[in-house]
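These notes are about the structure you will find just below.
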Amino acid sequence: MIHPALDAKLDTLELYLTELRELQPSNFDAYERDKMLRRYSERMLHMTIDACLRIGIDVLTAENLRAPENYHDVFIALGEHNILTLPLVHSMTMMVELRNLLVYEYDVLDHMMVYSVLKRRLDDLAEFASAIRAYALDTPYIPSPLFEIQGEE
């Protein structure tokens, strides 16, 4: 059985992903022209990635696994314990890079990069939620075939 606090955090993560999918613009020009959409997208991505980090830290703490040295290491540690697959570890550490840009270098942020994540990488975050849910329920995690293919890009 999944711990209620973890279940609630995973539900919140999935809600954030739903919101991100709902706000996706039809094309890059529409995204680039709409400053409010860009800012909202950036904030929602930041919140979503932070939710993944909190969930990862909670799992490591609850399982008495090694404490991560930094945010990248959260996902590396989860991978070392076979909670995440290697492609998912790679994708999630790249999400930490995006988070750092969103938080610390927002003034030089590349709009095309954020748009690309909105269009092509939200499933990576959903895949993270699936992997953590499977682990918490002690069921086998079977990566989505589409995620594994995307992860190789």
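Quick note: the coordinates plus some simple rules give every number you see, no bench work behind them. In this text, all values refer to a predicted model and were calculated from it rather than measured experimentally. Heads up, the Cβs are rebuilt from the backbone with ideal geometry, glycines too, and the neighbour counts pull from every protein chain shown.
Can you find a residue that is touching a Leu at 6+ places or on another chain (Cβ under 7 Å) and basic (K, R) anywhere in the stretch 22-35? Give the steps one after another, and end with the answer.
The initial filter retains those residues of the stretch 22-35 that are touching a Leu at 6+ places or on another chain (Cβ under 7 Å), namely 23-25, 31.
Still in the list and also basic (K, R): none.
Taking every residue of the stretch 22-35 in turn, none turns out to be touching a Leu at 6+ places or on another chain (Cβ under 7 Å) and basic (K, R).
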| message | Looking at the stretch 84-107 only, could you name the residues that are in contact with a Leu (Cβ under 8 Å, 6 or more places away or on another chain) and free of Cβ contacts under 8 Å to residues at least 24 places away in the same chain? | response | V89, L101
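A quick yes/no check of all residues on (1) within 17 Å of L122 (Cβ to Cβ); (2) more than 13 Å from the chain's Cα centre (by Cα); (3) not hydroxyl-bearing (S, T, Y):
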| site | (1), (2), (3) |
| --- | --- |
| L15 | yes, no, yes |
| E22 | yes, yes, yes |
| E32 | no, yes, yes |
| M36 | no, yes, yes |
| S41 | yes, yes, no |
| T48 | yes, no, no |
| A51 | yes, no, yes |
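Just wondering, is there one or more residues in the stretch 83-99 that are among the basic types (K, R) and out of contact with any His (no Cβ under 8 Å at 6 or more places or on another chain)? Walk me through it before giving the result.
At the first step, the residues of the stretch 83-99 found to be among the basic types (K, R) are 99.
When the remaining residues are screened for being out of contact with any His (no Cβ under 8 Å at 6 or more places or on another chain), the result is none.
Scanning the stretch 83-99 turns up no residue that is among the basic types (K, R) and out of contact with any His (no Cβ under 8 Å at 6 or more places or on another chain).
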| request: Could you grab the pairs with beta carbons closer than 7 Å, sequence gap of 6+ or different chains, first residue in the stretch 1-19 and closer than 29 Å to R38 by Cβ, second one among the small types (G, A, S)? | output: K9/A51; L10/A129; T12/A51; L13/A51; L13/A129; E14/A129; Y16/A51; L17/A126
| query | Within the stretch 26-52, which residues are surrounded by 14 or more Cβ atoms within 10 Å (Cβ to Cβ) and either under 25 Å from P68 (Cα atoms) or free of Cβ contacts under 8 Å to residues at least 24 places away in the same chain (or both)? | reply | D34, L37, Y40, M44, L45, H46, M47, T48, I49, D50, A51, C52
| So which of I142, I55, I83 ends up being out of contact with any strand residue (DSSP E or B) (no Cβ under 7 Å at 6 or more places or on another chain), surrounded by 20 or more Cβ atoms within 10 Å (Cβ to Cβ) and not in a helix (DSSP H, G or I)? | I83
